[in-house]
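Here the structure comes first, spelled out in structure tokens, and everything after it is commentary.
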């Protein structure tokens, strides 16, 4: 099948510099509306991958995201939010970006073009066949990501990807490809826009659905969240007040005694 890089195609809009702010925002918003519909079309692919992730994590495996540029940063964002949100180890969901930590804030030139650094970066975490690796690349052509997944395949590690083009080289090396085709960007080639939004939505789905399946949510509450600031402590207190029908003072005592909402509920005695 033919590979067409729609993420790099020319925008249907022109002379952006002549538009008013209102027109710019309206057109960007109109383009953004395309994204959730494109994600919806990929739900069967997202389901298949989520089920694989759940199986691996239930058996003490880990989830890796690997990408470059915006894609890499989005993977790191999703991974870094899992511990405070769901109370899991920092080592359960791991984000890796081409160029290392420096690339989180600043572009590292040509880091995405390496055909061996991706696998080297994964090996730093003693990756094994117990784990699962999701490559993230809007174009689906990033050498850093493709080569890393090829090595994973050779080592019997389950591979997946999130890309915004159909039939890309990245999809062809992934056992579980997710293709969210959002079309050309408002600013031609600026895949941090619709493509980045699509990737973020898919990452939200993967991690949130997985953590719910692993029992990290009760009802609709984040009962395992880390109480790392006053806002979260207050939220935890409200959860306990509602769940246990107690006063906020009692909730404060329980949280201090048991450390989080789940343990407080489990050990509460009337």
> Of the residues that make up the range 141-158, is at least one in contact with a helix residue (DSSP H, G or I) (Cβ under 6 Å, 6 or more places away or on another chain) and closer than 20 Å to residue 41 by Cα?
Replying inline: no
>> Just the residues that are crowded, with 18+ Cβ neighbours inside 10 Å and in a helix (DSSP H, G or I), please, taken from the range 220-258.
In response: 236, 237, 239, 240, 251, 254, 255
> When only residues in the range 147-156 that are surrounded by fewer than 22 Cβ atoms within 10 Å (Cβ to Cβ) and either touching a residue at least 24 places away in the same chain (Cβ under 8 Å) or touching a strand residue (DSSP E or B) at 6+ places or on another chain (Cβ under 9 Å) (or both) count, which is nearest to residue 54 (Cα to Cα)?
Replying inline: 156
> Going through the range 65-84 one residue at a time, which ones are more than 14 Å from residue 197 (Cα to Cα), surrounded by fewer than 24 Cβ atoms within 10 Å (Cβ to Cβ) and under 10 Å from the mean Cα position of the chain (by Cα)?
Replying inline: 76, 79, 80, 81, 82
> Residues of the range 186-201 being touching a helix residue (DSSP H, G or I) at 6+ places or on another chain (Cβ under 6 Å) and closer than 27 Å to residue 133 by Cα, which ones?
Replying inline: 189, 191, 192, 194, 195, 196, 197, 198, 199, 200, 201
> From the list 5, 60, which residue is exposed (fewer than 12 other Cβ atoms within 10 Å of the Cβ) and within 23 Å of the chain's Cα centre (by Cα)?
Replying inline: 60
>> Only one of 180, 173, 187, 133 is closer than 16 Å to residue 94 by Cα and in the same structural domain as residue 62 (by TED's automatic domain parsing). Can you tell me which?
In response: 133
> Is at least one residue of the range 83-92 under 23 Å from residue 164 (Cβ atoms) and assigned by TED's automatic domain parsing to the domain that holds residue 174?
Replying inline: no
> Is it the case that residue 53 is assigned by TED's automatic domain parsing to the domain that holds residue 160, at negative phi, part of a helix (DSSP H, G or I) and crowded, with 19+ Cβ neighbours inside 10 Å?
Replying inline: yes
> If residue 39 satisfies every condition in (1) more than 20 Å from residue 198 (Cα to Cα); (2) assigned to a helix (DSSP H, G or I); (3) in contact (Cβ under 8 Å) with a residue 40 or more places away in the chain but one, which is the exception?
Replying inline: (1)
> If you take just the helices (runs of 4 or more DSSP H) that sit entirely in the range 85-194, which of them hold at least 3 residues that are within 30 Å of residue 228 (Cα to Cα)?
Replying inline: 102-105
> Just one of 261, 180, 217 is more than 29 Å from residue 138 (Cβ to Cβ), crowded, with 21+ Cβ neighbours inside 10 Å and either in contact with a helix residue (DSSP H, G or I) (Cβ under 7 Å, 6 or more places away or on another chain) or at pLDDT below 95 (or both); which is it?
Replying inline: 261
> Being in a loop (DSSP other than H, G, I, E, B), closer than 20 Å to residue 201 by Cα and out of contact with any helix residue (DSSP H, G or I) (no Cβ under 9 Å at 6 or more places or on another chain), is that true of even one residue in the range 9-26?
Replying inline: no
>> Of the conditions (1) buried (at least 19 other Cβ atoms within 10 Å of the Cβ); (2) within 27 Å of residue 132 (Cβ to Cβ); (3) modelled with pLDDT of 95 or more, residue 209 satisfies every one except a single condition; which number is it?
In response: (1)
> Checking residue 193 against (1) crowded, with 19+ Cβ neighbours inside 10 Å; (2) within 22 Å of the chain's Cα centre (by Cα); (3) not assigned by TED's automatic domain parsing to the domain that holds residue 72, which test does it fail?
Replying inline: (3)
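The values are calculated or read from the model by the stated rules, or taken from the named source; none is laboratory data. Remember, it's a predicted structure, so these values are computed and weren't measured experimentally. As a convention, Cβ positions derive from the backbone with ideal geometry for all residues, glycine included, and neighbour counts pool all protein chains shown.
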